[in-house]
1. Check off (1) among the small types (Gly, Ala, Ser); (2) in contact with a His (Cβ under 7 Å, 6 or more places away or on another chain); (3) crowded, with 18+ Cβ neighbours inside 10 Å for residue 213 and give me the number that stays unchecked.
2. Step by step: first the residues of the stretch 148-176, then only those that are charged (D, E, K, R) and at pLDDT 95 or above, then the one that is farthest from residue 198 (Cα to Cα). Which residue is that?
3. For the stretch 207-228, give me each residue that is within 19 Å of the chain's Cα centre (by Cα) and farther than 16 Å from residue 85 by Cα.
4. Going through 150, 115, 108 one at a time, which residue ends up being surrounded by fewer than 18 Cβ atoms within 10 Å (Cβ to Cβ), more than 20 Å from residue 209 (Cα to Cα) and in contact (Cβ under 8 Å) with a residue 40 or more places away in the chain?
5. Between 216, 138, 196, which is in contact with a strand residue (DSSP E or B) (Cβ under 7 Å, 6 or more places away or on another chain) and either more than 20 Å from residue 243 (Cβ to Cβ) or part of a helix (DSSP H, G or I) (or both)?
6. Would you please name the residue that is nearest to residue 95 (Cα to Cα), looking only at residues in the stretch 153-195 that are surrounded by 14 or more Cβ atoms within 10 Å (Cβ to Cβ) and of a type in the set (D, E, K, R)?
7. Out of contact with any Leu (no Cβ under 7 Å at 6 or more places or on another chain) and modelled with pLDDT of 95 or more, is that true of residue 101?
Amino acid sequence: MKWQGRRGSRNVQDRRGSRSAASAGGIGGLGLIAVLVVGYFLGIDVRPLLDGMDTGAGQRGVSTAQNVPLTEADLRAGEFVSVTLADTEEIWTEIFRSELAQTYNAPTLVLFKGTTQSACGGASAATGPFYCPPENTAFLDTDFFVTLETRLGAGGDFAAAYVIAHEIAHHVQNELGILDQVNRARAQASEAQSNALSVRTELQADCFAGVWAKAAQEQFDSLERGDIGEAMNAAAQIGDDTLQRDAGQVVRPHTFTHGTAEQRQRWFIRGYESGDIASCDTFNAPQL
């Protein structure tokens, strides 16, 4: 992915200069992230797995702040996120203007390491990248990119860009009022129905990410050979069925919240090939 030399976003809030001591030492770092990221994507509360383990926090529930110097890799990751976010701002501003006759209000993206706070609750490695609708903000621990490559087998700049674009796609859904409708429906649904709605929401975000990728290529000529393959591989590696198999579990479709590897790939490429958000209506699609 060609990203160097383009403008960065002014909507990045970098909180990585300090973190909780709970994220350092013990089984911290990649080991802790590897355990927790799988829990996030599977919708499993993995905190009981950490009971009795030394996470470096000392007394459980006590969090002490400490300054953490940013590495060269941290700085590069921050710059990459900033440029990618700026790309999403330009693309979605134009799509909202030209196709929807609406104004796009860009989100904030918070970078953190270890733990931070959000209006949706405490953010940590356990939450993975996520979008918090009440404050129109996406949250990202940049160590997730390392996990994505070394633990989940989905390396490459564009795999990371796909993750960012997916989270910003949730903001697009929020801007369009889709998340409010889904959340109201899920509040009245059974667990299985709620999970099914979650899958459709996530697949639409994958499709929107594909729409963004198509527009980014046309506007910035940013994609290189193999980039779409990186995104497709990332989509496959974080499919619910893949993660359940990799965790040694029986695949249980009724527990899926994000969609299978094949579904995530299919909807991303659908958005990329069409370049049209109208093609991303997962909620009325008879088959996902």
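The values are calculated or read from the model by the stated rules, or taken from the named source; none is laboratory data. Quick caveat: nothing in here was measured; it's all calculated off a predicted structure. FYI the Cβ positions are ideal-geometry reconstructions off the backbone, even for glycines, and counts take in every protein chain you see.
1. That leaves (2) as the condition not met.
2. Initially, the stretch 148-176 is screened for residues charged (D, E, K, R), giving 149, 151, 157, 167, 175.
When the remaining residues are screened for being at pLDDT 95 or above, the result is 167, 175.
Working: 167: 14, 175: 17 Å.
In this case the residue turns out to be 175.
3. We begin by selecting, within the stretch 207-228, every residue within 19 Å of the chain's Cα centre (by Cα); these are 207-214, 216, 227-228.
Correct list: 207, 227, 228.
4. Numbers: 115 fails: surrounded by fewer than 18 Cβ atoms within 10 Å (Cβ to Cβ); 108 fails: more than 20 Å from residue 209 (Cα to Cα).
Step by step, each of 150, 115, 108 is checked, and only 150 is surrounded by fewer than 18 Cβ atoms within 10 Å (Cβ to Cβ), more than 20 Å from residue 209 (Cα to Cα) and in contact (Cβ under 8 Å) with a residue 40 or more places away in the chain.
5. Details: 216 fails: in contact with a strand residue (DSSP E or B) (Cβ under 7 Å, 6 or more places away or on another chain); 196 fails: in contact with a strand residue (DSSP E or B) (Cβ under 7 Å, 6 or more places away or on another chain).
The conditions single out 138.
6. 175
7. For residue 101, the condition - out of contact with any Leu (no Cβ under 7 Å at 6 or more places or on another chain) and modelled with pLDDT of 95 or more - is met.
Residue-by-condition table, conditions (1) in contact with a helix residue (DSSP H, G or I) (Cβ under 8 Å, 6 or more places away or on another chain); (2) among the hydroxyl-bearing types (Ser, Thr, Tyr); (3) under 21 Å from residue 173 (Cα atoms); (4) surrounded by fewer than 16 Cβ atoms within 10 Å (Cβ to Cβ):
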position: 235; (1), (2), (3), (4): yes, no, yes, no
position: 242; (1), (2), (3), (4): yes, yes, no, no
position: 247; (1), (2), (3), (4): yes, no, no, yes
position: 252; (1), (2), (3), (4): yes, no, no, yes
position: 267; (1), (2), (3), (4): yes, no, yes, no
position: 276; (1), (2), (3), (4): yes, no, yes, yes
position: 283; (1), (2), (3), (4): yes, no, yes, yes
position: 286; (1), (2), (3), (4): no, no, yes, yes
